[in-house]
Amino acid sequence: MRRNQVVAVTNMVEPKNTMLPVAPEVPVEAPLSVPTESGHAILVADFLAAYERIVTPVWVFDTDKSCVYWANEAALRLWRTESLEELTTRDMAAEMSPTVSQRLKQYQEDFETDAVFTEVWTLYPNGEPVTMSCTFTGIRLPDGRMAMFCQAFEEAADTPDALRSVQALLHTTVMITLYDPDGNLLYQNPAAREVHDESANRLETHFVDAADFVSLRYLLKRDGLANFVVRVRTKSGTCWHEINARMSLDAVTGKPAILLSEVDVSDRKESERKAQHLAYHDMLTGLPNRNFMQREFAGKLDLASLDDKHIGFLFIDLDNFKTINDSLGHAVGDKLLIEVAGRLSANTRARDTVIRLGGDEFIVILENATDKAFVQEAAERIEEVLRQNINVGDRDLRVTPSIGISLYPDDGHDMDTLMKHADLAMYQAKEAGRNQHCFFTSDMRDRAENRLDLETNLRRAVDNGELSLFYQPQVSFSEGTIIGAEALLRWNHPTRGLLGAGEFIGIAEETGLVEPIGDWVIGEAAQQQKAWADAGHDISVSMNLSPRQFISEDLIPTIQRAVETHGSNPQKLDLEITESMLMGDSDRIVRALELLNEMGFNIAIDDFGTGYS
């Protein structure tokens, strides 16, 4: 806008706290976006793209930089330019009058309060005067600065239809209608006449839901405007329209009128419906997911509390599903999960909810559970239907469930607690042999808390030097001499005293801590063997390798490094493995054993005869 490019003549200033179309609040550096009726955000690129197709000039003016940020095709024609690039590079500050500049800054401040301005402006693109009726609203740029969203309308003509068509954006694809205060139709633009049926002759009958009309009248009376997405009647049936309504004046009579602008957002609503369905349902089985459970059942717990009712939570994990998935492939595994989901849904009541948490884990929520016996019967019924063979292709597969059960309100008063307790009960069912169900007890919680404390302290134990090795001598009865020693791991716990490996090595194996602990043991044992040899005791030192440590790719380099660092003799270091460790990937195991043998280490089978042998 240059000097003589913009001259403003104020026609009407709308009340503050109005929005047309929006004044979106977006964090700095966030993509420019506007809120929708459902709370989701639409990228402004999509928002502005809707205006690309309308014939009304629409542009975004960057007040701070005094340049056009974006314009639709109609605006490019208005500004007498052939490209957006050329328009956005125009410097409109150099010849802008101080009055106009000050006025634009005032707009920028007022936009923070959602003000909307409708004024008559004379623009001088390339020196040609063009007088337009313009509506200005605030819109945030990606960097958080407030810019001006501009819509320009041609000046009013001298006939009633022409006057109304200017006010109602005659040439836009947006549907524009004007009603008197009693809801009688005064005017429809061509886009509205193309879509609306006879119900639009009365504002009240245009709405499918009577409550929406009541809300509209209330908001217009209170604020002078309303903006929402509602269902309306059209020639093609019921559609979703985004409606901006405001109290205005009829340009012909000067009397109050209700101005409606409508955009068909049925496709958007359908997309939102699908997106919401995906957000709250599992894509594979179609069952509700964890998000659905968190959204729906917090309120149901409160209602159950008021009605003194119980709710049962059945946490279901399929036994040995990983074996099927790994051996037969994910396609077979997916079909199996779909069948399981169908059986669960078919064998629960309509009021119950079956949820897939992910993987092979499901939740069945039993509302209005009368007592513990009722929940147990439901668990037994689920066990029975899941134990039956499942045909997938040419295979008959069989899975069994381990089920953990918690009850509301006995075992918890919120979703997270009930889920956690059902999960603990499920693991108890696994430990008890699988293919069964277990109810939650407080002992399970205590064991879980103790286990968590043990794991937390174990992580610190490595760094704090709380681990130590004790050596059990190996004696030759024929010679009566010590010929070796076995390294035994102990933990000098700060509060529980000296703990044997059996009390914590299982946790270390599950959490991965066994690898750094095992590396430390190898180094310590190698150093001790060298120290005894230097003292004249040339005896062997044996140490245990855990299953996780044995299959680790770092095992060989770790042992090599320990021997080289301490100068120990590999032939005096015995590595003990269990029978179960020999039952895995045979090729990999054989190669590891060959490498260890080539390095000079002795291999021993620990507790031979107690396992697979």
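The values are calculated or read from the model by the stated rules, or taken from the named source; none is laboratory data. Fair warning: this is a prediction, and the values are worked out from it, not measured in the lab. We place every Cβ from the backbone using ideal geometry, glycine too, and count neighbours over all the protein chains shown. These accessible areas exclude ligands, DNA and RNA; they are computed on the full protein's heavy atoms, side chains included. Shrake-Rupley method; radii C 1.70, N 1.55, O 1.52, S 1.80 Å.
Round to a whole angstrom and tell me the spacing of the C-alpha centers of region 437-464 and region 520-544.
Measuring centre to centre over Cα atoms gives 34 Å.
So, in nm, how far is label residue 131 from label residue 214 when the simple model puts each one 7 Å beyond its Cα toward the Cβ?
4.7
Taking a cut-off of 22 Å between Cα atoms, list the lysines near residue 420, but don't count ones fewer than 8 places away on the same chain.
Output for residue 420: 300, 309, 372, 430.
Once you wrap a convex hull around the alpha carbon atoms of region 52-115, what is its projected area averaged over all directions, in nm²?
Values: hull surface 19.6 nm².
Here the figure is 4.9 nm², rounded to one decimal.
Report the label-to-label distance for residue 588 and residue 495 in nanometres (one decimal), using points 7 Å from each Cα along the Cα→Cβ vector.
Between residue 588 and residue 495, the simple spin-label model gives 3.8 nm.
For region 381-482, what are the per-bin percents of Cα-Cα distances with bins 10 Å wide, up to the bin holding the maximum?
Using 10 Å bins, I get a P(r) of 13, 24, 20, 18, 13, 9, 3 for region 381-482.
What accessible area per residue, rounded to a whole number of Å², is obtained for the chain using a probe radius of 1.4 Å? Before the final figure, lay out each step's value.
On the way: 30790 Å² over 613 residues.
Accessible surface, normalised per residue, equals 50 Å².
Which whole-Hz ³J(HN,Hα) couplings does region 481-498 yield from phi under the Karplus relation 6.51 cos²θ - 1.76 cosθ + 1.60, θ = phi - 60°, glycine and proline marked x?
With the stated coefficients, region 481-498 comes to 10, 7, 10, x, 8, 9, 6, 10, 7, 9, 10, 7, 5, x, 10, 9, x, 6 Hz.
Taking only C-alpha pairs under 8 Å that are 6+ residues apart, what is the relative contact order of the chain in percent?
Working: 1069 pairs, mean separation 42.8, N = 613.
Value for the chain: 7 percent.
Going toward the positive end of the dipole of the chain, with +1 on Lys and Arg Cβ and -1 on Asp and Glu Cβ, which of 288, 178, 350 do you reach last?
Value: 178.
Can you tell me the mean projection area, over all orientations, of the convex hull of region 232-289's alpha carbons? Units nm², please.
Numbers: hull surface 24.4 nm².
Mean projected area of the Cα convex hull: 6.1 nm².
Give the shape of region 278-409 as rounded, prolate or oblate, defined through the alpha-carbon gyration tensor: a ≥ b ≥ c are the square roots of its eigenvalues, a/c under 1.5 means rounded, and otherwise the shape is prolate if a/b is larger than b/c and oblate if not.
Prolate shape, in that a/c is at least 1.5 and a/b is the bigger ratio.
Output the DSSP H helices from the chain with an along-axis C-alpha extent of no less than 15 Å and a mean Kyte-Doolittle hydropathy no less than 0.5.
Working: long enough: 98-111 (20 Å, -1.39); 210-223 (20 Å, 0.00); 266-280 (21 Å, -1.97); 290-306 (24 Å, -0.33); 330-346 (24 Å, 0.56); 372-387 (23 Å, -0.34); 415-431 (24 Å, -0.49); 442-464 (33 Å, -1.50); 514-534 (30 Å, -0.38); 555-566 (17 Å, 0.09); 586-598 (18 Å, -0.15).
Membrane-span-like by this rule: 330-346.
Using per-residue counts of other Cβ atoms within 10 Å, averaged over each peptide, order 571-579, 228-236 from highest down.
On the way: 571-579: 18.7, 228-236: 17.0.
Order by mean packing, descending: 571-579, 228-236.
Excluding residues on the same chain fewer than 8 positions from residue 530, give the lysines whose Cα lies under 20 Å from its Cα.
572
Please work out the C-alpha center-to-center distance from region 294-343 to region 102-119 and express it in whole Å.
54
Which FRET efficiency, nearest 0.05, do residue 417 and residue 283 yield, Cβ-Cβ r, R0 30 Å? Display every interim value, and only then the final one.
Values: r = 28 Å, r/R0 = 0.94.
The computed FRET efficiency comes out at 0.60.
Leaving ligands, DNA and RNA out of it, work out the accessible area of residue 310 with a 1.4 Å probe and give it in Å² to the nearest 10.
Counting only protein heavy atoms, the figure is 60 Å².
Residue separation times 0.36 nm, minus the C-alpha to C-alpha distance between residue 53 and residue 305: what's the value?
Gain on extension, residue 53 to residue 305, equals 85.3 nm.
Eigenvalues of the Cα gyration tensor times 5, then square-rooted: what semi-axes does that give for the chain, in whole angstrom, largest first? It would help to have the intermediate numbers written out before the result.
Numbers: eigenvalues 1102, 244, 90 Å².
That gives 74, 35, 21 Å for the three semi-axes.
Take the alpha carbon gyration tensor of region 413-537, find the square roots of its eigenvalues, order them as a ≥ b ≥ c, and report rounded if a/c is under 1.5; if not, report prolate when a/b exceeds b/c, else oblate. Can you show the working numbers first?
Numbers: a/c = 3.49, a/b = 2.34, b/c = 1.49.
Since a/c reaches 1.5 and a/b is larger than b/c, the shape of region 413-537 is classed as prolate.
How large a share of the accessible area of the chain, in percent, is made up of carbon and sulfur atoms when the probe is 1.4 Å and the other protein chains stay in place?
49
Report the net charge of residues surrounding residue 460, where surrounding means a beta-carbon distance below 12 angstrom and charges are Lys +1, Arg +1, Asp -1, Glu -1.
Every neighbour counted, the sum reads -3.
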